[in-house]
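Q: Got a structure for you, written out below as structure tokens; questions coming shortly.
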Amino acid sequence: MSKAKQKRAKRLGFLGKFKTKDGRKADGSGPTNTAKQPAVHQLKDSRKPEDVRKQRLQDLREKQKLSREREMMKRRNLQTFQSDILQRQREFELKETEMQSLEKHVNFENENSRKVYYREFKKVVEASDVILEVLDARDPLGCRCPQVEQAVIQSGTNKRIVLVLNKIDLVSKEIVEKWIKYLRNEFPTVAFKASTQQQTKNLKRSDVPVTKATSELLSSSACIGADCLMKLLGNYCRNQDIKTAITVGVVGFPNVGKSSLINSLKRARACNVGATPGVTK
């Protein structure tokens, strides 16, 4: 029997009878196999469980080390670097195009809202004889719009502007007096506190002037300063001692109290009031 066949028989776990070099027959159960078996059993018995665990742990570490080295080699590969760079560039360009389209959409909406606002503002200015610009007493200069005032002045000599300093109950009386003194250097200014009642009719209105109003009155729900404003508008109604009707327009930033001012002057709930900008259309 050739050596190749003997090796194959050993791998299969079965070794048949074969002839040796000197012509004698031998089988797998001969003295050669019996001599080797005790040595193998002795090797298996000599390995302790701790040694086996250490060997397995060492093999696992070597495998992990090889896997890390392979990953590093992949990362160091020039082609992978190029592919990663191209992929990131595509993602960046895609995000840029999305941002540009979003900005165009937002600018388009802003442009449309500006056009709509300008049309409405132009209608109010053309139809009104007196424009009430409502300001928040907490930040009057921040609520003023010089472009609006300039547009009213340029629209005609008969147009009048009156500044209404609203929400005077939220600041001290000394600050209100200083702001009125400052604003009256440019336009007629009236201090005002709108009514905070939720009923539909018969809103409270106090006849006490703002300069004589107490802190308790300012903290109440009654309207203060309406009489002074109505007298001022009544003076604009007189034309050579003849009373005529005038149209009054109200402009101002969101949440300065335009709707509350109208309701307080009419003493009825004519406009919706809310904290959300743009509640009153």
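Q: At a probe radius of 1.4 Å, what is the per-residue accessible area of residue 81, in Å² to the nearest 10?
A: 100 Å²
Q: Another question, if that's okay. For residue 191, which sequence-distant residues (separation of 5 or more, or a different chain) have an amide H within less than 5 Å of its own amide H, given hydrogens modelled in the peptide plane?
A: 165
Q: Let me ask something else. Scan around residue 221 for amide H atoms under 5 Å from its own, H built in the peptide plane at 1.01 Å from N, and keep only partners 5 or more places away or cross-chain.
A: The list, which skips near neighbours in sequence, is empty: none.
Q: Same structure, new question: Using protein chains only and a probe of 1.4 angstrom, how many square angstrom of residue 228 are accessible, to the nearest 10?
A: Answer for residue 228: close to 70 Å² accessible.
Q: May I pose another question? Among the GluC sites (Glu not before Pro) in region 125-191, which ones are in a DSSP loop with at most 14 other Cβ atoms within 10 Å of the Cβ? Mind listing them? Can you show the working numbers first?
A: Working: sites: 126, 133, 149, 174, 177, 186; in loops: 186.
Those that pass, being in a loop and sparsely packed, are 186.
Q: Sorted by packing (mean other beta-carbon atoms within 10 Å per residue), highest first, where do 65-72, 254-261 land?
A: Highest mean packing first, the order is 254-261, 65-72.
Q: Same structure again: Expressed as a rounded percentage, what relative contact order does region 206-271 have, with Cα pairs under 8 Å and six or more residues apart?
A: 23 percent.
Q: Right, something else. Could you tell me which of rounded, prolate or oblate describes region 108-243, using a ≥ b ≥ c as the square roots of the eigenvalues of the alpha-carbon gyration tensor, with rounded for a/c under 1.5 and, failing that, prolate when a/b is larger than b/c and oblate otherwise? Spell out each step's value before the answer.
A: Numbers: a/c = 1.66, a/b = 1.39, b/c = 1.19.
Prolate, because a/c is 1.5 or more and a/b exceeds b/c.
Q: For Cα pairs less than 8 Å apart in space and 6+ apart in sequence, what is the mean separation divided by the residue count of region 193-241, i.e. the relative contact order in percent? Provide the component values of the computation, followed by the final result.
A: On the way: 46 pairs, mean separation 19.8, N = 49.
It rounds to 41 percent for region 193-241.
Q: Right, here's the next one. Pull up all non-local amide H partners of residue 131: gap of 5 or more, or a different chain, and H-to-H distance under 5 Å with H placed in the peptide plane.
A: 160, 161, 162, 249
The values are calculated or read from the model by the stated rules, or taken from the named source; none is laboratory data. A quick note: this is a predicted structure, and the numbers were derived from the prediction, not measured. Please note: Cβ atoms are built from the backbone with ideal geometry, for glycine as well, and neighbour counts cover all protein chains shown. To get the accessible areas, we keep the full protein, side chains included, count just its heavy atoms, and leave off ligands, DNA and RNA. Shrake-Rupley method; radii C 1.70, N 1.55, O 1.52, S 1.80 Å.
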